[in-house]
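Everything below concerns the one structure shown next.
Any read-out appearing in this document is the output of simple, stated calculations on the displayed coordinates, not a laboratory observation. Just so it is clear, the structure is predicted and the values come from calculations on it, not from any experiment. Here the Cβ is made from the backbone with ideal geometry for all residues, glycine too, and neighbour counts use every protein chain on show.
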Amino acid sequence: MGRLKIVYNKHCNISAAPISQNFSVQQAQQINRFHQSFAEYGITPLVGLNSTADFLGCGEIYVKDESFRFGLNAFKALGGSYCLGRYIAEKMGKNISDMEYADFVCAGEKDRVTFVTATDGNHGRGIAWAAAKLGHSAVVYMPKGSASERLENIRRLGAHAEITEVNYDDTVRFAKHQAEKNGWVLVQDTSWDGYEKIPAYIMQGYLTMAYEAVQQLGDKKPTHVFLQAGVGAMAGAVTAFLRSVYGADVKIIIVEPDKADCLYSTVLADDGEIHTVGGALDTIMAGLACGEPCTLAWNVLKYNADAFISMEDSVAARGMRILGNPAGRDTRIVSGESGAAGFAALAEIMNNQPEIKKQLNLNEKSVVLCFSTEGATDAENYRNIVWNGLYGEK
């Protein structure tokens, strides 16, 4: 069977680092209002997998299906659109909370901005979509090995897009160089010293997804949340928001590919340093193939995440197959390799990891929330995994 490793965060202590107001309920409401101003906005489904939960020995499982987001098959445009909105509002000397979508549309060529980014696919597609909607330009660079379908999806939105010959983190560095060389605006969801404002805006944009989920859950409070992480921006933002809503009453588990487990490695080392993972970062979870953590996200996760998981590709593949063919009459969820990662870790623990299951106190009373952050953004690979059984059990 597929395997995973876990490290428990002995520094998890939400009182040690109070959550910034940037991730508060009030802030999420304001950001949600911004997203609602887009004609394409719609609340994505929160799917209850009751029969699957019974089969796995869990109380209740809820999966937020982001394949419906803005017609783009992934959640990333939430961060990209809000980031571009904040940048444009500040350039106009206005407060974004006083503006709606139509107020941001570029008035003419003299006001047009070129936004540049590096992406494994979904983030770049979100930036390209938002730039096109607002009348601006986008340049998108993708790491070596990126799927041609993801490249063409970005190009169809009017962006200039190309695949580099280097891994994700080196592609970020290349995008940064191009921004400096050409006077473009770098819009990256990872941060480093001196580059924090725009990544913070992107992280804030992700709050709409978490805010919707909390509203859909109503009085139902999750006991556990599984969040997949690449650089950790989504995981950090959602963790901060859920802590502001539920406090310490929920266990938050971060999931990464074992080929790009920089957060797991950082917690495991426990030496006060951020640890990176180099090389090809060769995992089917392309959206999570990031070897260098976002510092803003890490500053949240190091005190607010209960555990970190490093997971083999075969576990993610099995998660995709379960979501695509759930138990009983549960609603089918088409979830891509990265999108299925959080749920996949949960299923693996419930089926095959009794010690981890016990340590996390996962049982028939648990209420688990997962986020399927993408649909089949690489249709050929999705079919190979779900139909043809690639990356099967070991």
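Hey, got the dipole for the chain? About the Cα centre, +1 on K and R Cβ, -1 on D and E Cβ, debye to the nearest 20? Kindly include the intermediate steps, with their values, before the conclusion.
Values: 37 positive and 45 negative charges, 112 e Å.
Roughly 540 debye, rounded to the nearest 20.
With the simple spin-label model, which puts each label point 7 Å out from Cα in the Cβ direction, the E364 to A248 separation comes to 3.0 nm. Residues D65, D306 in ascending order of nearby Cβ atoms (within 10 Å, fewest first): D306, D65. With all pairs of different C-alpha atoms in the average, the Kirkwood value for the hydrodynamic radius of the range 249-383 is 15.7 Å. Remark: spin-label model distance K10-S37 equals 4.9 nm, labels positioned 7 Å along the Cα→Cβ axis. Shape analysis of the range 277-330 based on the Cα gyration tensor places the equivalent ellipsoid semi-axes at 27, 17, 9 Å, largest first. If you take every DSSP beta bridge whose two residues both sit in the range 91-202, what share of them, in percent to the nearest 5, is antiparallel? Expressed as a percentage, antiparallel bridges in the range 91-202 total about 10.
For C58, C294, C83, what's the fewest-to-most ordering of other Cβ within 10 Å of each Cβ? List each step's numbers first, then the result.
Numbers: C58 24, C294 32, C83 28.
Going from least to most buried by this count: C58, C83, C294.
Our analysis of the range 16-132 gives Rg over Rh at 1.07, with the two radii drawn from alpha carbon positions and Rh computed by the Kirkwood formula. Kirkwood radius and radius of gyration were both taken over the C-alpha atoms of the chain, and their ratio Rg/Rh is 0.94.
Of K133, K302, K94, which has the largest mean-square fluctuation in a 10 Å C-alpha GNM of the chain? Among K133, K302, K94, the largest mean-square fluctuation in the Gaussian network model of the chain belongs to K94.
Here the label points at A327 and R173, each 7 Å from Cα along the C-beta direction, are separated by 4.8 nm in the simple model. A viscosity of 1.306 mPa s and a temperature of 10 °C, combined with the Kirkwood radius over C-alpha pairs in the Stokes-Einstein formula, give the range 7-60 a diffusion coefficient of 103 µm²/s.
With the Kirkwood sum run over all distinct C-alpha pairs, the range 200-268 has a hydrodynamic radius of 12.8 Å. Semi-axes of the equivalent ellipsoid of the range 34-87 are 31, 10, 8 Å, computed as sqrt(5λ) over the eigenvalues of the C-alpha gyration tensor in descending order. Cross-link pairs exceeding 30 Å in C-alpha to C-alpha distance, out of K10/K176; K133/K176; K110/K176; K10/K221; K5/K76, comprise K10/K176. Calculated on the alpha-carbon coordinates, the convex hull of the range 91-202 measures out at 108 cubic angstrom per residue. In plain terms, the residue of E364, E374, E212, E109 with the fewest other Cβ atoms within 10 Å comes first and the most crowded comes last, giving E109, E364, E212, E374.
For the range 91-202, what is the charge dipole size about the Cα centre, in debye to the nearest 20, if Lys and Arg each add +1 at the Cβ and Asp and Glu each add -1 at the Cβ?
Details: 14 positive and 16 negative charges, 54 e Å.
Dipole size: approximately 260 debye.
Divide by every residue of the chain the summed helix terms, -39500 (n - 2.57) for each DSSP H run of at least 4, and state the resulting mean residue ellipticity at 222 nm, rounded to the nearest 500 deg cm²/dmol. Helix contribution divided over all residues of the chain: -12000 deg cm²/dmol.
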